[in-house]
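The values are calculated or read from the model by the stated rules, or taken from the named source; none is laboratory data. These numbers come from a predicted model, not from an experiment. Cβ placement follows ideal geometry from the backbone for every residue including glycine, while neighbour counts extend to all protein chains displayed.
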Amino acid sequence: MQYLWGHAGKIGGWVSNGVVMYVCVCNAINCKSVRHSVENGAASVASVFKACGKMPQCGRCFTTIKDMVGEVHRTACNDSLAPAIAAE
């Protein structure tokens with residue numbers, strides 16, 4: 001699944017066909033909650049759960065949350081990198 005980004009370099013929300021999705025059904029955590037957690041510093045699956053005040057249950061959501069956190073950090077890293085020029 002591909003997650004869509006907002007404008008101006010900020011995370012606009014992960015949506016599928018324009019619908020906000022539940023990421024963790026066991027804890028009723030949706031993509032907006034994950035987005036909010038990551039925007040406020042969550043950098044791992046565990047920190048997203050902690051920020052949401054929830055405990056992991058079955059684990060089926062771990063990959064999705066991990067991917068969502070990773071996308072944010074890759075984008076932030078790529079935005080802050082200056083182009084490198086090789087020395088001859």
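Side notes on the structure shown:
- When segment 24-58 is filtered for residues that are out of contact with any helix residue (DSSP H, G or I) (no Cβ under 9 Å at 6 or more places or on another chain) and β-branched (Val, Ile, Thr), only 25 remains.
- For residue 51, the conditions (1) under 14 Å from residue 69 (Cα atoms); (2) at pLDDT 90 or above; (3) surrounded by fewer than 16 Cβ atoms within 10 Å (Cβ to Cβ) all hold with the exception of (3).
- Residue list for segment 54-88, filter: part of a helix (DSSP H, G or I), of a type in the set (A, V, I, L, M, F, W, C), more than 17 Å from residue 20 (Cα to Cα) and at pLDDT 75 or above: 62
- Residue list for segment 39-53, filter: small (Gly, Ala, Ser) and in a helix (DSSP H, G or I): 46, 47, 51
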